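The structure appears right after this line, and notes come after that.
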Amino acid sequence: MSQDRPVILIPGKMHPRALERMTDLFDVRQIDGADASLITPDLATGVAGIATFNKVPASLMDALENLEIVSNFGVGYDGVDAGHAAGRGIVVTHTPDVLNDEVADTAIGLLINTLRRLPAAEQWLRDGRWVEDGPFPLSPLSLSGRKVGFYGLGRIGQAIARRLEDFGLEIAYHTRSRRDGVAYAYHDTLLGLAQAVDTLIVIVPGTAETRHTVNAEILQALGADGVVINVGRGITVDETALIAALEQGVIAGAGLDVFEREPHVPEALMALPQVSLLPHVASASVATRNKMADLVVDNLVSWFKTGKALTPVSETPFTRPAR
Ligand code: NAP
Ligand code: 8YV
């Protein structure tokens, strides 16, 4: 191991720009995946940092006795055991804010695609059906006049809501604590929110607390014109309940960028015309992913140079002990 350059472990893949910068700055070691059985004795004592695409279990942390920092590519860090890191004094960082606009823009696109069936309309044109069969069928749903409820109104939820204000739509939200400085109606339960709106935008983190909270009862409360848009994490929505609600007309449609078992998407969802599906691309432009890559590296640089991470997660607000 290098004496002067901190050793950074990359378990699995990494964004090419982040990898190139890290290779210039650190002693970078790559292993095939986030698997403690791949840790050799020299890695076990030498690794000071990890850079990851949202997968670091407690077992991998525990195999690395001098681990100080886990730098996650993504604002969501549900795949990193941050509670365990906190207990061991390891700082976890993520990539907030730099992706807010991209994810918010994608959410608006997904909402409109879902309501107006634009991907299917384009396919109709490309398949020559406009010529052969005439106009694409009118969309049963419209954005106009919808009441939109946000499940989560953090950095990204607010960016989506600000965009929807300009569409002239009524906006409400549910979070655990009421947010100062927003004029939207607050609901202290998700059920209360679902009863008050017909469009639910899910943009909460995937946690044990949010898991399967968008369930059959919530879908029933949204009603027959109800639409669910999920750009948060797949586990927040009970996919089996969602499929049943769509098939039985309990709600009218869904737009999903995230799924319970990515990259696997249930055939039953794919079969439904009232559903618009994206392969987890909300932040996936070259420009935004480059900003996220830079923040992954800049967090490591800042930690080893100044002893402070730039964007630590709330569970690990640590500074680096003097050495
Ligand atoms: P954030 O600023 O931390 O906002 C999270 C929001 O969720 C807050 O309003 C928070 O309010 C609320 N919340 C958290 N736990 C809750 C609970 N149990 N019940 C009700 N509300 C809860 O996070 P962000 O930057 O907006 O990102 C949100 C999530 O979006 C990320 O964690 C990630 O999973 C996902 N994401 C997905 C993509 C994608 O590519 N599809 C891209 C970026 C992010 P309270 O704390 O008051 O409850
Ligand atoms: C990530 C995301 O880019 O930031 C998040 O939480 O979900 C995406 O923006 C993606 O998970 C990286 O693979």
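The values are calculated or read from the model by the stated rules, or taken from the named source; none is laboratory data. Model, not experiment: these values are computed from the prediction. Backbone-built Cβ (ideal geometry, glycine too); neighbour counts: all protein chains shown. Keep in mind that these areas ignore ligands, DNA and RNA; they rest on the heavy atoms of the full protein, side chains included. Shrake-Rupley method; radii C 1.70, N 1.55, O 1.52, S 1.80 Å.
Summary table below
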quantity	calculated
Members of segment 253-278 that are more than 13 Å from ligand 1 (Cβ to nearest atom), under 28 Å from Arg17 (Cα atoms) and either buried (at least 18 other Cβ atoms within 10 Å of the Cβ) or more than 17 Å from the chain's Cα centre (by Cα) (or both)	none
In segment 155-171, residue farthest from ligand 1 (Cβ to nearest atom) [restricted to those that are within 23 Å of Pro96 (Cα to Cα) and among the hydrophobic types (A, V, I, L, M, F, W, C)]	Leu164
Residues located in segment 300-317, provided they are over 22 Å from Thr23 (Cα atoms), touching a helix residue (DSSP H, G or I) at 6+ places or on another chain (Cβ under 7 Å) and open to solvent by 20 Å² or more (accessible area, probe 1.4 Å)	Glu315
Subset of segment 288-307 (residues that are among the small types (Gly, Ala, Ser) and within 15 Å of ligand 1 (Cβ to nearest atom))	Ala293
Every residue from segment 104-124 that is under 24 Å from Thr210 (Cα atoms) and open to solvent by less than 50 Å² (accessible area, probe 1.4 Å)	Ala104, Thr106, Ala107, Ile108, Leu110, Leu111, Thr114
Whichever residue in segment 81-94 is surrounded by fewer than 23 Cβ atoms within 10 Å (Cβ to Cβ) and assigned to a helix (DSSP H, G or I) and, among such residues, is nearest to ligand 2 (Cβ to nearest atom)	Ala82
Residues that are among the aliphatic types (A, V, I, L, M), outside any helix (DSSP H, G or I) and under 9 Å from Tyr151 (Cβ atoms), drawn from segment 190-231	Leu200, Ile201, Val202, Ile203, Val204, Val214
Residues that are in a strand (DSSP E or B) and within 24 Å of Thr210 (Cα to Cα), drawn from segment 133-187	Lys147, Val148, Gly149, Phe150, Tyr151, Ile171, Ala172, Tyr173, His174, Ala185, Tyr186
Among the residues listed as Asp101, Asp97, Asp78, the single one being assigned to a helix (DSSP H, G or I), surrounded by fewer than 22 Cβ atoms within 10 Å (Cβ to Cβ) and within 16 Å of ligand 2 (Cβ to nearest atom)	Asp101
Residue selected from segment 62-75 under the condition more than 8 Å from ligand 2 (Cβ to nearest atom) and in contact (Cβ under 8 Å) with a residue 60 or more places away in the chain, by the criterion surrounded by the fewest Cβ atoms within 10 Å (Cβ to Cβ)	Glu68
Residue that is more than 16 Å from ligand 1 (Cβ to nearest atom), open to solvent by 20 Å² or more (accessible area, probe 1.4 Å), modelled with pLDDT of 95 or more and assigned to a loop (DSSP other than H, G, I, E, B), where the choices are Val281, Val250	Val250
Residues of segment 1-30 satisfying the condition of being in a loop (DSSP other than H, G, I, E, B), of a type in the set (A, V, I, L, M) and modelled with pLDDT of 95 or more	Met14
